[in-house]
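The values are calculated or read from the model by the stated rules, or taken from the named source; none is laboratory data. These figures come from a predicted structure and were not determined experimentally. Virtual Cβ from ideal backbone geometry, glycine too; neighbours counted across all protein chains shown. Only protein heavy atoms, including side chains, enter the accessible area calculation; ligands, DNA and RNA are left aside. Shrake-Rupley method; radii C 1.70, N 1.55, O 1.52, S 1.80 Å.
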Amino acid sequence: MDEAIRQARFPGGLEQRWQTRLVPVPLKEFEGVYAKRLLAAGQMDELRVHASYNADSRLVLARYCAEHGLVDELRKLAAKDELPHLNGVLAEALDGRADAESAAAVMTIGLNARDDAVRAELLALLRDRDLLDRAVGVLAAVSSDLTYREWDLLARLCLALGRVEEVRAMAREERATSADHVIAEIFDEHDMIDEVRALAERNIVRLSRRLVLTLSRLGRVDEAVAVARARVDAGQAHAFRLLIDVLVEHRRADEAMAVLAASVNRTVPPGEPKDWLCSAAYGVAHLLDVVGRQDDAIDVLRAYGDASRELADLLAERGRLDEALQVLDDAIVEARSRPMGGTVQRCSEQLGELLIGAGRTAELRARADAGDPVLRERLARHLEEHELVDELRTRHAAGDEFASRSLALVLARQERDAELDALAEDSGDMIVHMTQSQLWNARYMEISYRLWERRHRGEEAS
């Protein structure tokens with residue numbers, strides 16, 4: 001039964017339980033994917049609107065314009081992303097190419113979007129044309145006036161030429177964009193761990209996180225943990241969360257649990273989110289679940305977490321269904337007392353799935369009859385799936401609109417046309433004309449259209 005519940009809840013595998021919270025799509029990646037989907041769907045007007053305020057979408061549109069020879073539109077796009085001090089170098093690098101203007105515009109837009117492929121293309125182009133030194137000279141001569149993107153490019157050009165000392169000096173500049181943080185990121189991208197460490201030692205508060213993540217990424221886990229622990233001992237904001245994240249990433253579950261326990265009674269530093277403990281506990285519980293320690297995961301979520309739905313799933317899989325239902329009931333009561341962004345709906349849906357998965361349909365009926373609209377809809381779908389027409393008809397007669405719609409779908413599926421006509425007459429517009437908020441649902445659209453068509457033909461015949 002436990003495995004059956006798990007399979008029913010997560011047909012895509014165990015990670016499906018956690019992925020919605022633990023693997024958010026980075027905003028930059030989301031914007032680019034969204035723009036590409038708009039382009040693929042031919043929704044050019046919407047893409048142009050999005051490109052008017054988003055650099056990643058502007059790059060997608062710019063590449064399309066360059067490919068299709070839409071030079072005037074490309075010029076307008078590039079005007080939003082001018083790199084005034086780099087224009088001459090770009091013109092020189094692209095001299096002789098038939099598409100020089102379009103290529104320069106796409107590169108300008110791509111650099112402002114911080115697109116890795118565009119940066120790599122530009123560096124390769126400047127290297128091939130032996131223009132790296134010239135580009136550095138042009139930008140360095142006006143370094144105090146450079147835009148952020150030009151300044152970032154200058155650092156990368158210097159690094160490409162091996163002029164590391166100049167890049168180090170740039171990290172000491174006073175700029176609104178936190179120069180040392182930007183340079184640390186560039187060093188990180190080139191796996192220059194000693195340079196990142198040197199910067200972090202000068203500004204431990206701002207850059208030790210970058211150092212920890214770099215060490216962790218390069219597999220120097222013990223060093224990463226040591227730096228993170230030093231942050232904890234210094235009482236820095238976010239330090240406990242950073243340490244726990246590193247331990248979880250490298251599957252050091254017992255250490256992560258110990259750090260979580262030690263962090264409970266500490267004084268929360270200024271600037272740290274109040275809900276950080278729940279978020280950190282969620283990551284630890286995820287690790288424990290994945291490595292097969294579900295009971296420990298349950299203990300962690302009960303002690304520190306605020307993840308009722310995941311806790312309920314874990315309890316149900318361990319055969320503790322009554323506890324799981326109580327967790328969801330408590331979450332629903334709490335959510336109804338304050339705005340929770342759909343928590344009531346999701347918890348009720350999950351409660352219905354758990355009851356059906358456990359074969360406790362009598363309890364589902366009782367809860368639905370007690371007035372929970374989400375459970376009434378889930379019960380109607382359950383009856384529809386099993387084509388229990390008599391019970392659907394009874395509930396329809398009692399005024400249950402969810403049962404009415406499910407009954408219509410079953411009758412249509414079974415081609416019981418006379419009964420379907422009678423149901424349409426009895427229900428009036430509730431069945432035949434669905435509300436706008438329901439039109440997205442293919443099930444409702446199908447039955448609504450069929451009934452409308454039958455009624456329309458009947459009116460024509462009369």
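Just one of the listed residues (E3, E31) is at pLDDT below 85 and open to solvent by 80 Å² or more (accessible area, probe 1.4 Å), and it is E3. Looking at the range 113-136, which of the residues that are within 35 Å of the chain's Cα centre (by Cα) and open to solvent by 30 Å² or more (accessible area, probe 1.4 Å) is nearest to L61 (Cα to Cα)? Checked the range 113-136; the qualifying residue nearest to L61 (Cα to Cα) is D115.
Quick check on this structure: which one of E73, E150, E92 is acidic (D, E), over 26 Å from E173 (Cβ atoms) and in contact with a helix residue (DSSP H, G or I) (Cβ under 7 Å, 6 or more places away or on another chain)? Show your work before the answer.
Details: E150 fails: over 26 Å from E173 (Cβ atoms); E92 fails: in contact with a helix residue (DSSP H, G or I) (Cβ under 7 Å, 6 or more places away or on another chain).
Being acidic (D, E), over 26 Å from E173 (Cβ atoms) and in contact with a helix residue (DSSP H, G or I) (Cβ under 7 Å, 6 or more places away or on another chain) holds for just one of E73, E150, E92, which is E73.
Among the residues of the range 358-389, those identified as open to solvent by less than 30 Å² (accessible area, probe 1.4 Å) and within 26 Å of L314 (Cβ to Cβ) are A358, L364, A368, D372, V374, L375, R378, L379, H382.
Listed by position, the helices (runs of 4 or more DSSP H) inside the range 279-394 whose residues that are more than 29 Å from E249 (Cβ to Cβ), in contact with a helix residue (DSSP H, G or I) (Cβ under 9 Å, 6 or more places away or on another chain) and modelled with pLDDT of 90 or more number at least 1 are 321-336, 343-357, 361-369, 373-385. Within this structure, A66 passes the test of being farther than 22 Å from R134 by Cβ and out of contact with any Phe, Trp or Tyr (no Cβ under 8 Å at 6 or more places or on another chain).
In the range 137-183, of all residues being of a type in the set (V, I, T) and within 22 Å of R127 (Cα to Cα), the one that is surrounded by the most Cβ atoms within 10 Å (Cβ to Cβ) corresponds to I183.
For the range 398-421, a residue qualifies if it is open to solvent by 30 Å² or more (accessible area, probe 1.4 Å) and farther than 18 Å from G371 by Cβ, and the qualifying residues are R413, Q414, E415, R416, D417, A418, E419, D421.
Within the range 94-112, the set of residues being in a helix (DSSP H, G or I) and either open to solvent by 40 Å² or more (accessible area, probe 1.4 Å) or of a type in the set (A, V, I, L, M) (or both) comprises A100, E101, A103, A104, A105, V106, M107, I109, L111.
Among residues belonging to the range 62-88 that are out of contact with any Leu (no Cβ under 6 Å at 6 or more places or on another chain) and buried (at least 22 other Cβ atoms within 10 Å of the Cβ), point out the one that is modelled with the highest pLDDT. Only one residue tops the list, namely L74.
If the condition is being surrounded by fewer than 19 Cβ atoms within 10 Å (Cβ to Cβ), hydrophobic (A, V, I, L, M, F, W, C) and touching a Leu at 6+ places or on another chain (Cβ under 8 Å), then the range 210-224 contributes only V221. Of all the criteria given as (1) modelled with pLDDT of 85 or more; (2) assigned to a helix (DSSP H, G or I); (3) of a type outside the set (K, R), the one not satisfied by A91 is (1). I'd like to know if the range 193-209 contains one or more residues that are closer than 30 Å to D95 by Cα, out of contact with any Pro (no Cβ under 7 Å at 6 or more places or on another chain) and open to solvent by 20 Å² or more (accessible area, probe 1.4 Å). Taking every residue of the range 193-209 in turn, none turns out to be closer than 30 Å to D95 by Cα, out of contact with any Pro (no Cβ under 7 Å at 6 or more places or on another chain) and open to solvent by 20 Å² or more (accessible area, probe 1.4 Å). Out of everything in the range 231-275 that is open to solvent by 60 Å² or more (accessible area, probe 1.4 Å), modelled with pLDDT of 75 or more and more than 26 Å from D295 (Cα to Cα), what residue ends up being nearest to the chain's Cα centre (by Cα)? Looking at residues that are open to solvent by 60 Å² or more (accessible area, probe 1.4 Å), modelled with pLDDT of 75 or more and more than 26 Å from D295 (Cα to Cα), I get H238.
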